[in-house]
Every structure is written in structure tokens, then in C-alpha cells.
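Taking it in order: structure first as C-alpha cells, then the write-up.
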Amino acid sequence: MDVIDLKGLFVEVNKRMKTALDHLQHEFAGVRTGRASVTILDGVHVEAYGTKVPLNQVAGLSIPEPTLIVAQPFDPSQIGAIEKAIRAAGLGLNPSNDGKVVRIPLPALTEERRKELSRLVHKLSEEGRNSIRQVRRDANERLKKLLKDHGISEDDEKKGLDEVQKITDSHIRNIDDLQKKKDGELLGK
């Protein structure tokens with residue numbers, strides 16, 4: 001094995017770690033802060049036409065004001081199913097409809113709820129860090145196996161391990177920054 005293969009390993013490590021980071025960002029988007037965001041409804045699935053479909057496929061979502069989301073059904077006959085799905089999603093939201101649109105007011109977060117969400121953010125962050133560390137473990141095992149199989153020299157293995165650690169540290173820092181930012185939004189720091 002030569003240096004080009006090591007570069008391929010680093011590219012793969014970077015890609016897998018970025019995927020873990022992207023997943024965490026998506027999870028964070030679903031954690032509600034004080035402001036309305038249509039991403040909190042990403043997990044809502046509506047019973048429509050005999051199957052469950054994501055809410056954004058049966059209604060247009062908009063945010064006319066900071067604490068209100070409006071769902072405009074593409075098919076007005078689905079308004080009841082949309083309202084029911086939002087209630088059943090366990091998001092603590094209380095939608096109402098006027099026959100044309102579903103209004104979803106976002107209640108102010110209590111201090112206790114903010115702390116609860118902050119704990120969730122910390123848990124999600126730790127899961128993200130664990131994913132990153134797992135990618136590092138996989139890469140390090142591959143490097144050790146290459147050395148054992150005489151595919152690379154000891155110097156190349158050491159350089160490889162150092163590079164994998166640098167990539168890992170960078171991604172862990174990104175997770176820490178995301179966590180700090182989300183905590184700031186939740187707790188007003």
C-alpha cells in the first residue's frame with residue numbers, strides 16, 4: 001500500500017465524520033428553541049391516501065410570525081388528518097384549523113423545558129462524538145492491519161494515526177461548537 005491509498009483512507013474518514021456531523025445538525029434542527037422553524041415538523045407523518053407521508057408532502061409550510069407555523073394543505077380534504085398528525089407527534093403543539101389552513105402556535109418554552117431540551121442537545125452531541133470516535137477506531141485498526149500485513153511502514157502508520165487524530169479533533173471541535181450554539185439559543189447564554 002502506498003501514500004495514495006492512505007489519502008483515500010483520510011478522504012473516507014473525513015466523509016464518514018462529516019456524515020455524522022450532518023446527522024447531528026439535522027437532529028439539532030428538530031430541537032425547538034423559542035423561534036418557529038418548519039424543521040421541527042420533519043418527523044410528522046400524515047395518514048393520507050391510505051399511506052403515511054411526510055407533512056411537507058401534503059401541505060405547504062410557512063412561518064408568518066416568529067411563534068407561528070402555518071400548514072396550507074394541497075388538498076383541503078386532508079386538513080383534519082394534518083391536524084391529527086401534528087397532535088399525535090408528541091411535540092407538545094396544539095394546532096387548530098379554520099377550514100383552509102392549520103395554524104400551529106408555538107408556546108413559549110418554560111425554564112424546565114429549556115433545561116430538558118439542553119440535556120437532549122448534550123445527549124445528541126455525545127452520540128455524535130461517539131460516531132466520530134467509532135470512525136477513528138475503524139481507521140486506526142485499518143492502519144494497524146496495514147502495518148502488520150507490511151502494506152505500510154511504521155513511519156507511515158504513525159503519520160496516518162496522527163492525521164486521523166487531527167481529523168477527529170477537528171470534527172469533535174465542530175460538534176462542541178454546534179452544542180454551545182444550540183445551548184445558547186435554548187438557555188439564552
Dipole of the range 1-146, positive direction: furthest Cα of 17, 38, 77, with charges on the beta-carbon = 17
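What FRET efficiency would be calculated for the residue pair residue 122, residue 96, taking the C-beta separation as r and a Förster radius of 45 Å, to the nearest 0.05?
Numbers: r = 34 Å, r/R0 = 0.75.
Once the sixth-power term is evaluated, E becomes 0.85.
If you place +1 on the Cβ of every Lys and Arg, -1 on the Cβ of every Asp and Glu, and leave all else neutral, what size is the dipole of the range 38-105 about its Cα centre, to the nearest 20 Debye?
Working: 5 positive and 6 negative charges, 20 e Å.
The calculation lands at about 100 debye.
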Residues with amide H under 5 Å of residue 68's amide H, sequence separation 5 or more or different chain, H placed in the peptide plane at 1.01 Å from N; which?
-> 36, 106
Low-density loop positions, chymotrypsin sites (Phe, Trp or Tyr not before Pro), the range 1-95 - DSSP coil, at most 11 other Cβ in 10 Å | 49, 74
The chain, helix-only ellipticity at 222 nm - DSSP H runs n ≥ 4, -39,500 (n - 2.57), divided by all residues, nearest 500 = -20500 deg cm²/dmol
Note, ³J(HN,Hα) from phi for the range 157-167, Karplus 6.51, -1.76, 1.60, rounded to Hz, x at Gly and Pro | 4, 4, 4, x, 4, 5, 5, 4, 5, 4, 4
For the pair residue 68 and residue 26, the simple spin-label estimate (label points 7 Å beyond Cα toward Cβ) gives in nm 3.2
Note, ³J(HN,Hα) from phi for the range 64-77, Karplus 6.51, -1.76, 1.60, rounded to Hz, x at Gly and Pro | x, 8, x, 10, 9, 10, 10, 10, 9, x, 6, 10, x, 5
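Taken together, the values in this text are just the output of simple stated rules run on the coordinates, not laboratory data. Given the structure is predicted, the values throughout are model-derived calculations rather than measurements. Glycine also receives a Cβ, built like all others from the backbone with ideal geometry; neighbour counts cover every protein chain displayed.
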